[in-house]
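Have a look at this one before I ask anything.
Each value in this text was obtained by applying a stated rule to the coordinates, not by laboratory testing. Model, not experiment: these values are computed from the prediction. Positions of Cβ are backbone-derived with ideal geometry, glycine not excepted, and every protein chain shown enters the neighbour counts.
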Amino acid sequence: MEATPTENVQITIGIRDVKLLHYEATTRVFDLLEPLPNEKYEFQFDFKVRLSEHEMLFEVLLGVTLFEKQPENVKIELAKISTVTSFKVDNYNEVIRKNGEVVNIPNQLITVAGGIAVSTVRGMFAICVKDTILANAVIPIINPQVFVPKTM
């Protein structure tokens, strides 16, 4: 399935479900004696969408990996979290259009759902690292436009 952005369209959505799929901290975390300064943290985002035409669902699968930045562009993985946020799209067939194998998804659906998914994963991550050496590692605010596929 290939997703391509489309023009703006009226969208009616609601959050159907939010799930924590996985969280883990690496052994490096247990070697840390004190929290790292915020500038030593780097977050990497892995954004994917999944569709269920039958259930009229648009799902955002979001993985976030936390790294410790080292000198000379070296990064050490500290933790990762995976979530899925499901959105019921009331007017699914008007919003998400298929043309053969190509699926057209409006940019605003990607950005709205992406922004909600990032906020959701931020809260879940905060709960997972609460009372640990990573408690000060807060997923930053990002512009969800970064999740919109680039057009040629």
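Given the conditions (1) free of Cβ contacts under 8 Å to residues at least 40 places away in the same chain; (2) under 27 Å from Tyr23 (Cα atoms), and given that Lys88 satisfies all but one, which numbered condition is not satisfied?
(1)
Just the residues that are surrounded by 12 or more Cβ atoms within 10 Å (Cβ to Cβ), of a type outside the set (A, V, I, L, M, F, W, C) and more than 12 Å from Leu36 (Cα to Cα), please, taken from the stretch 136-146.
Pro144
Further, regarding this structure: Please identify the pairs in which a residue from the stretch 115-139 that is closer than 17 Å to Gly63 by Cβ has its Cβ atom under 7 Å from the Cβ atom of a residue that is of a type in the set (Ser, Thr, Tyr) and surrounded by fewer than 17 Cβ atoms within 10 Å (Cβ to Cβ), counting only partners at least 6 apart or on another chain.
Final answer for the pair search is Cys128/Tyr23.
Using beta carbons and a limit of 7 Å, which pairs, at least six apart or on different chains, have the first residue in the stretch 51-63 and under 18 Å from Gly115 (Cα atoms) and the second one of a type in the set (Gly, Ala, Ser)?
As it stands, the answer is Leu57/Ser86; Phe58/Ala113; Glu59/Ser86; Val60/Ala113; Val60/Gly114; Val60/Ala117; Leu62/Ala117; Gly63/Ser82, since those pairs meet every condition given.
What is the number of the single condition among (1) loosely packed, with under 13 Cβ neighbours inside 10 Å; (2) over 19 Å from the mean Cα position of the chain (by Cα) that Ile133 does not meet?
The one condition Ile133 does not meet is (1).
Being out of contact with any His (no Cβ under 9 Å at 6 or more places or on another chain), acidic (Asp, Glu) and on the phi > 0 side of the Ramachandran plot is true for just one of Glu77, Glu55, Glu72, Glu68. Which residue is that?
Glu72
Same structure, new question: Against the condition touching a residue at least 24 places away in the same chain (Cβ under 8 Å), under 22 Å from Pro140 (Cα atoms), among the acidic types (Asp, Glu) and not in a loop (DSSP other than H, G, I, E, B), how does Glu77 come out, does it pass? Break it down stepwise before answering.
Working: touching a residue at least 24 places away in the same chain (Cβ under 8 Å): yes; under 22 Å from Pro140 (Cα atoms): yes; among the acidic types (Asp, Glu): yes; not in a loop (DSSP other than H, G, I, E, B): yes.
Yes; evaluated as a whole, the condition is true for this residue.
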